[in-house]
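These notes are about the structure you will find just below.
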Amino acid sequence: MRWAGPFAARRHAGLPGGAGPVGAPLPASAPVPAARPALRTPAWQKRALDVAVAAPGLLLLSPVLLVTAALVAGSGPVFYRQTRVGQWGRPFRIWKFRTMAVQAAALPGTPHLTVGHDPRVTRVGRWLRATKIDELPQLLNVLRGDMSLVGPRPEVPHYVQLAPDVYGRALHLKPGITSVASLVYHDESGYLGQFGDAAERVFLEQVVPHKVELCVQYAAGATLWDDVVLMLRTALRMFRPPR
């Protein structure tokens, strides 16, 4: 079946941006692929686009990065680094602007998910998360080769270990800064917030399988032009943060 474009996925029912009721059944997960699935865009072309965009992007965005760093530095370290699961399961350290209180990770019973109006998130951090500016330092990860501009968002080892069959379907893909799933679930925290104590279960049983399905389908049929369109849509979405 021909790929219908990077935003055909929004027509799925039961999802943020879809037409159906929240919590509708989502696609079931499939076994981990035994062989490298075919991708429409060769890896070397993706890498060339990554470097061609990320390097000048860091220079052009340097004023934004410097202002953001100054805002975050007022309450502690500027950057937050965390281990994520990369392509073929290889771990790497991701770069982000810190959005939580310095002592947040040390609090007992600290959840892995950030749901709703999480009290650990600072006032500046809430704005950074809404606009996705906190993700911009990941251009460094792109230049290092840990990530791509477009690809499934890298997950923490905790959740990959809880759902290895689901996450395993997309481990042949290099993780990215943005994806179709990132736009569909632009306000994932707010979406999960409505489920209260069941948020993590909904995340693992409904959200994750659907996000993986979107990314695998996209990678199988998308061209470099689809990636460019997706990046442009992501940039425009930064100026329309969720309410």
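Please go through segment 143-170 and pick out each residue that is part of a helix (DSSP H, G or I), more than 12 Å from GLY86 (Cα to Cα) and not hydroxyl-bearing (Ser, Thr, Tyr).
Looking only at segment 143-170, we keep the residues that are part of a helix (DSSP H, G or I), and these are 143-144, 157-162, 164-168.
From the residues that got through so far, the ones that are more than 12 Å from GLY86 (Cα to Cα) too are 143-144, 158-159, 161-162, 164-166.
Passing the criteria: LEU143, ARG144, HIS158, GLN161, LEU162, PRO164, ASP165, VAL166.
Is one or more of the residues making up segment 119-135 surrounded by fewer than 12 Cβ atoms within 10 Å (Cβ to Cβ) and closer than 23 Å to GLY196 by Cα?
Applying the first criterion (surrounded by fewer than 12 Cβ atoms within 10 Å (Cβ to Cβ)) to segment 119-135 yields 119, 123.
The next check asks that each one be closer than 23 Å to GLY196 by Cα; those that pass are 119, 123.
Yes, segment 119-135 contains a residue that is surrounded by fewer than 12 Cβ atoms within 10 Å (Cβ to Cβ) and closer than 23 Å to GLY196 by Cα.
Could you figure out which of (1) within 13 Å of the chain's Cα centre (by Cα); (2) of a type outside the set (Gly, Ala, Ser); (3) over 24 Å from LEU58 (Cβ atoms); (4) modelled with pLDDT of 95 or more isn't true of LEU204?
For LEU204, the exception is condition (1).
Do we have ARG144 as surrounded by fewer than 21 Cβ atoms within 10 Å (Cβ to Cβ), of a type outside the set (Gly, Ala, Ser) and either farther than 30 Å from ALA48 by Cα or in contact with a Lys or Arg (Cβ under 8 Å, 6 or more places away or on another chain) (or both) here?
Working: surrounded by fewer than 21 Cβ atoms within 10 Å (Cβ to Cβ): yes; of a type outside the set (Gly, Ala, Ser): yes; either farther than 30 Å from ALA48 by Cα or in contact with a Lys or Arg (Cβ under 8 Å, 6 or more places away or on another chain) (or both): no.
Considered against the rule, which asks whether it is surrounded by fewer than 21 Cβ atoms within 10 Å (Cβ to Cβ), of a type outside the set (Gly, Ala, Ser) and either farther than 30 Å from ALA48 by Cα or in contact with a Lys or Arg (Cβ under 8 Å, 6 or more places away or on another chain) (or both), ARG144 comes out as no.
How about segment 171-201: which of its residues are in a loop (DSSP other than H, G, I, E, B), closer than 23 Å to LEU136 by Cα and not aromatic (Phe, Trp, Tyr)? Don't jump to the end; show me each part of the working.
As a first pass, look at segment 171-201 and keep what is in a loop (DSSP other than H, G, I, E, B): 171-175, 179, 185-187, 194-195.
Then keep just the ones that are closer than 23 Å to LEU136 by Cα; that gives 171, 173-175, 179, 185-187.
LEU171, LEU173, LYS174, PRO175, SER179, HIS186, ASP187 - these are the residues of segment 171-201 that are in a loop (DSSP other than H, G, I, E, B), closer than 23 Å to LEU136 by Cα and not aromatic (Phe, Trp, Tyr).
Output the number of residues of segment 214-243 satisfying the condition of being under 16 Å from the mean Cα position of the chain (by Cα), loosely packed, with under 15 Cβ neighbours inside 10 Å and under 21 Å from LEU171 (Cα atoms).
Counting residues in segment 214-243 that are under 16 Å from the mean Cα position of the chain (by Cα), loosely packed, with under 15 Cβ neighbours inside 10 Å and under 21 Å from LEU171 (Cα atoms) gives 0.
Here's the yes/no breakdown for (1) surrounded by 12 or more Cβ atoms within 10 Å (Cβ to Cβ); (2) closer than 19 Å to GLY176 by Cα; (3) more than 17 Å from the chain's Cα centre (by Cα):
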position	(1), (2), (3)
ALA48	yes, yes, yes
GLY57	yes, yes, yes
SER62	no, no, yes
LEU71	yes, no, yes
PHE79	yes, yes, yes
THR83	yes, yes, no
GLN87	yes, yes, no
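Filter segment 156-195 down to residues that are acidic (Asp, Glu) and crowded, with 22+ Cβ neighbours inside 10 Å, then give me how many there are. So that I can check it myself, show each step before the final result.
So the first thing to find is which residues in segment 156-195 are acidic (Asp, Glu), and the list is 165, 187-188.
From the residues that got through so far, the ones that are crowded, with 22+ Cβ neighbours inside 10 Å too are none.
Adding up the residues that qualify gives 0.
Please name all residue pairs, on different chains or six or more residues apart, with Cβ atoms under 7 Å, provided the first residue is in segment 110-124 and is without any contact (Cβ under 8 Å) to a residue 24 or more places away in the chain and the second residue is part of a loop (DSSP other than H, G, I, E, B) and of a type in the set (Ser, Thr, Tyr).
Pairs that qualify, where the first residue is without any contact (Cβ under 8 Å) to a residue 24 or more places away in the chain and the partner is part of a loop (DSSP other than H, G, I, E, B) and of a type in the set (Ser, Thr, Tyr), are VAL121/THR99; VAL121/THR114.
Right, HIS112: within 17 Å of the chain's Cα centre (by Cα), surrounded by fewer than 17 Cβ atoms within 10 Å (Cβ to Cβ) and at pLDDT below 95 or not?
Working: within 17 Å of the chain's Cα centre (by Cα): yes; surrounded by fewer than 17 Cβ atoms within 10 Å (Cβ to Cβ): yes; at pLDDT below 95: yes.
Yes, satisfied.
List the number of the failed condition for ALA222; all other conditions in (1) hydrophobic (A, V, I, L, M, F, W, C); (2) within 25 Å of PRO119 (Cβ to Cβ); (3) in contact (Cβ under 8 Å) with a residue 60 or more places away in the chain hold.
All conditions are met except number (2).
Return a yes/no flag: does segment 112-122 have any residue that is touching a Ser or Thr at 6+ places or on another chain (Cβ under 8 Å), charged (D, E, K, R) and on the phi < 0 side of the Ramachandran plot.
Yes, segment 112-122 contains a residue that is touching a Ser or Thr at 6+ places or on another chain (Cβ under 8 Å), charged (D, E, K, R) and on the phi < 0 side of the Ramachandran plot.
The values are calculated or read from the model by the stated rules, or taken from the named source; none is laboratory data. Computed from a predicted structure; not experimentally measured. So basically every Cβ, Gly included, is an ideal-geometry build from the backbone, and we count neighbours across all protein chains shown.
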